[in-house]
Amino acid sequence: MSDRTPLILVVALVVLLGIGPFLPHWGLSFLSVVLYLGIVVLGMAILMRTGLVSFGQGLYYCLGAYAAGMLDHFYKISDLLLMVIAGALLAAAVALVLGLLLAKYRDIFFAMLSLAFSMILFGLLVKTSELGSTDGFGLSVRTFAGIALGERWARYAIYAFAAVLAFVCAWGTHRYFHSHLGRLAFAVRDNELRVEYMGTSVRRLIYLNYVISAAMAGIGGALMAAMIGHVDPETTANWTTSGEFVFIAILSGSGSVLAPFLGAGIFEAVRTFALQYVPYIWQMTLGITMLLVIMFLPDGLWSVFHAKRRAA
């Protein structure tokens, strides 16, 4: 059966861009959140294919957000494109250094060490008064590639840019999954020793995946900062933020580049409605959702589509 993922990605991009101008404010905000969360979790899916789960992805999400915020706060650069580029580059640069250490570890050691680095950044930001300490600071997005934007068009620009970035990240990841290195990910998860015998360095492969994953988290963080207009340690670097990414990753599975966006959409919808109708037990609602998925769909929601495809 032919791979329809690229066609689905193109159709999804056209639909998202086409309906954007007609969406109400809440609809535009909801889809923007789904897109930037999906980009972050897509990066986690690259790691998950090698059998690794990062509990500290908030580190790079936070770096992306603060890189975007600092451009506006200190240098008065409020261009959305430059903010996202800065977020991706800073996250990737830090991952190039930390990845040298993390690529040596596996299983719970990798997960906990990644979480430790994230919490170190959280502690540093809380103690840094120049960056607003626990309160953080605000920012504004007034231009895109040098074009001045009004408030309404700024929101649409962030949404449209997020949709294009999500398409590029998903398409690129899809191509990577079908490359030689991408296909080796499952082999690394199942038997590292055999992969080494084949002549491929497992550590280098994990290192590469880690840096790519970090860059995507930086992109997601920069988009979040631009959309929300505020950055602070609690909503970016805290362990709860990394936990949300893990939640969505497990919810969606890593069977397709489309899965993270489906998982992000369901997660955000459940959280939004739970906060609206059962605000005192919304965490329990998310927990029950996760429990049901683990019990009946241990490979994530996307496994439903794989089952239908195999049956066809």
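Any read-out appearing in this document is the output of simple, stated calculations on the displayed coordinates, not a laboratory observation. The structure presented is a predicted model; accordingly, all values stated were derived computationally and were not measured. As a convention, Cβ positions derive from the backbone with ideal geometry for all residues, glycine included, and neighbour counts pool all protein chains shown.
Remarks
- Inter-label distance for Leu89 and Thr128, nm, one decimal - labels placed 7 Å from Cα along Cα-to-Cβ: 1.8 nm
- 3J(HN,Hα) along the stretch 94-108, derived from phi through the Karplus expression 6.51 cos²θ - 1.76 cosθ + 1.60 where θ = phi - 60°, amounts to 5, 5, 4, 7, 5, x, 4, 7, 5, 5, 7, 10, 9, 6, 5 Hz, with x in place of Gly and Pro.
- Restricting the calculation to alpha carbons of the stretch 1-112 gives Rg and Dmax of 17.4, 53 angstrom.
- Relative contact order of the chain, taken over Cα pairs closer than 8 Å and 6 or more residues apart, is 33 percent.
- A Gaussian network model of the chain, with springs between Cα atoms under 10 Å, assigns the largest mean-square fluctuation among Ser29, Ser54, Ser213 to Ser29.
- Simple point charges give the picture: +1 on the Cβ of Lys and Arg, -1 on the Cβ of Asp and Glu, and for the stretch 9-238 a dipole about the Cα centre of about 580 debye.
- Rounded to whole numbers, the Karplus 3J(HN,Hα) couplings from phi for the stretch 229-240 are x, 7, 10, 7, x, 4, 8, 10, 9, 5, 4, 5 Hz, using 6.51 cos²θ - 1.76 cosθ + 1.60 with θ = phi - 60°, and x at Gly and Pro.
- FRET efficiency for Trp239 and Arg194, using Cβ-Cβ distance with R0 set to 30 Å, rounded to 0.05: 0.30
- Two numbers describe the Cα atoms of the stretch 9-238: Rg and Dmax, which are 18.2, 58 Å.
- HN-Hα J in Hz across the stretch 280-295 - Karplus 6.51, -1.76, 1.60, θ = phi - 60°, x for Gly and Pro: 8, 10, 5, 5, 5, 4, 5, x, 5, 4, 5, 4, 5, 5, 5, 6
- Per-residue [θ]222 nm for the chain (sum of -39500 (n - 2.57) over DSSP H runs n ≥ 4, rounded to 500): -25000 deg cm²/dmol
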